[in-house]
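Okay, structure first, notes after.
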Amino acid sequence: MVLNYIFIAFFVIAGVVALGALCLSGDFSVFERIMSATFEQSKNGFEISLYLTGVLSLWLGFLRIAERSGLIDTFARLVSPVLSVLFPSVPKGHPAMGNIFMNISANVLGLDNAATPLGLKTMNALQELNPRKDEPSDAMMMFIALNASGLTIIPTSIIAFRMQAGASNPADVFIPILLATTVSTLTAMLLVGLRQRINLLAPPLLLVYALVALLFGGIYYASTAVSLEVFSRVSAGISAMMLVGMMLLFLLSGLRRGVNVYDAFIEGAKEGFTTAVGIIPYLIAMLVGIGVFRASGAMDLLSSGLTAVVSWLGLDTSWVEALPTMLMKPLSGSGARGLMVDAMQTHGADSFVGRLACTVQGACDTTFYVIALYLGSIGIKRSSYVLGYSLLADLAGCIAAVLATYLFFA
């Protein structure tokens, strides 16, 4: 429903602004620009989806190898102490715990569409344990908050969009996204954990905090020890190295377990192709709406107004062009994705704004959509406190995205 209103608003606002331009300056060409934008963005949406098809097929293929080799189960055992602390009402060994891990794994690998079916399956399993069927349980709210925070280690689709946009190194936003999404997820976990009186100082969580502190501390030390140029080049190289390392880990794990790696990859890649094809209509719809909005001059009016306000506050205005992506992200994944692509098309994939829009896109998930979908799937209408806490986590993630982008690319 929200996406419906957003889509309509793009066209209505564009029409009003175009009529204003016609009345004030007699400029009929604005309508020609709007029509050209609809055809151009339709073409762009299809071409972008072709690139996305390849990358999704690639990573879903590797994920299927990891599943067949038992690597996912190994990871599940490693993180089970942490999940047991965060979900104390879920009995050990209950199928819901395995579903929670698989859903989080799909999110971590940037496979949003693969995560959704697992998330729905998890909500049904948690509903079986829920004593009050018309209200979300504590376990449900923690699960939803973690999903809405959008923890992502491999931003698969974002890398694909950057590659299509002509980025010199499509994976150079890997570490900034990792920092931003970690902040978002920790914020969600801490807020919900405090509300539920979970022991946030349990040894497994202390280990998580220590690892996060080491990550942030190491990156901060590296940023001060070398020049910005060297830091950016090395961090981009490390990002690529980590992604290649994950591919090798999946392959060697499959080889060690006697898995037919090639067949497993092909099976997963077919799923990636189907997933990417399903995205095409949504991507085209949002890109056309945003293209019309921009061609009418409405985007320029919005940006100049926001820039004036931020400048009046005495702040740097470099990040303002990415603000629409930040505002859209909790409402619509398709809308935010379209704005991210538009930012790269307009300013360049390697521009500060292009990289910031990508980092924001990976910092958190579509909060309203996640909550509505997951609670609606089990017939619960009240979101309780999880919506407010998830939006606070989104805000923390966006702030972290801005700071990380300044750190790496300013």
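The values are calculated or read from the model by the stated rules, or taken from the named source; none is laboratory data. Every value quoted in this text rests on a predicted model; they were computed, and no experiment measured them. Here the Cβ is made from the backbone with ideal geometry for all residues, glycine too, and neighbour counts use every protein chain on show. Note: accessible area is taken over every heavy atom of the protein model, side chains too, but ligands, DNA and RNA are not part of it. Shrake-Rupley method; radii C 1.70, N 1.55, O 1.52, S 1.80 Å.
Restricted to region 155-177, and to residues there that are aliphatic (A, V, I, L, M) and crowded, with 24+ Cβ neighbours inside 10 Å, the residue that is nearest to residue 396 (Cα to Cα) is 177.
With respect to residue 350, is the statement that it is open to solvent by 50 Å² or more (accessible area, probe 1.4 Å) and at pLDDT 80 or above true? Explain how you work it out, then say what you get.
On the way: open to solvent by 50 Å² or more (accessible area, probe 1.4 Å): yes; at pLDDT 80 or above: yes.
Judged against the criteria, residue 350 is a match.
Being open to solvent by 30 Å² or more (accessible area, probe 1.4 Å), closer than 27 Å to residue 136 by Cα and assigned to a helix (DSSP H, G or I) is the requirement here; does residue 230 meet it? So residue 230 fails the test.
Exactly one residue out of 207, 191, 214 is open to solvent by 40 Å² or more (accessible area, probe 1.4 Å) and either under 19 Å from the mean Cα position of the chain (by Cα) or under 30 Å from residue 68 (Cα atoms) (or both): that is 207. The residue pairs whose first member lies in region 292-305 and is closer than 15 Å to residue 39 by Cβ, whose second member is part of a helix (DSSP H, G or I) and β-branched (Val, Ile, Thr), and whose beta carbons are closer than 8 Å, counting only pairs six or more residues apart or on different chains, are 292/34; 292/38; 294/346; 295/30; 295/34.
Restricting attention to region 368-383, the residues that are open to solvent by 70 Å² or more (accessible area, probe 1.4 Å) and under 17 Å from the mean Cα position of the chain (by Cα) total 2. Report, by residue number, each residue of region 390-410 that is over 15 Å from residue 318 (Cα atoms) and open to solvent by 50 Å² or more (accessible area, probe 1.4 Å). Listed by number, the residues that qualify are 391, 392, 395. Out of curiosity, is residue 308 at pLDDT below 85 and hydrophobic (A, V, I, L, M, F, W, C)? Yes.
Highlighted here are the helices (runs of 4 or more DSSP H) found entirely within region 312-410 that include at least 3 residues which are in contact (Cβ under 8 Å) with a residue 40 or more places away in the chain and closer than 30 Å to residue 133 by Cβ: 367-376, 386-409.
When residues of region 10-28 are filtered for being in a helix (DSSP H, G or I) and either at pLDDT 85 or above or open to solvent by 50 Å² or more (accessible area, probe 1.4 Å) (or both), how many remain? Qualifying residue count, region 10-28: 13.
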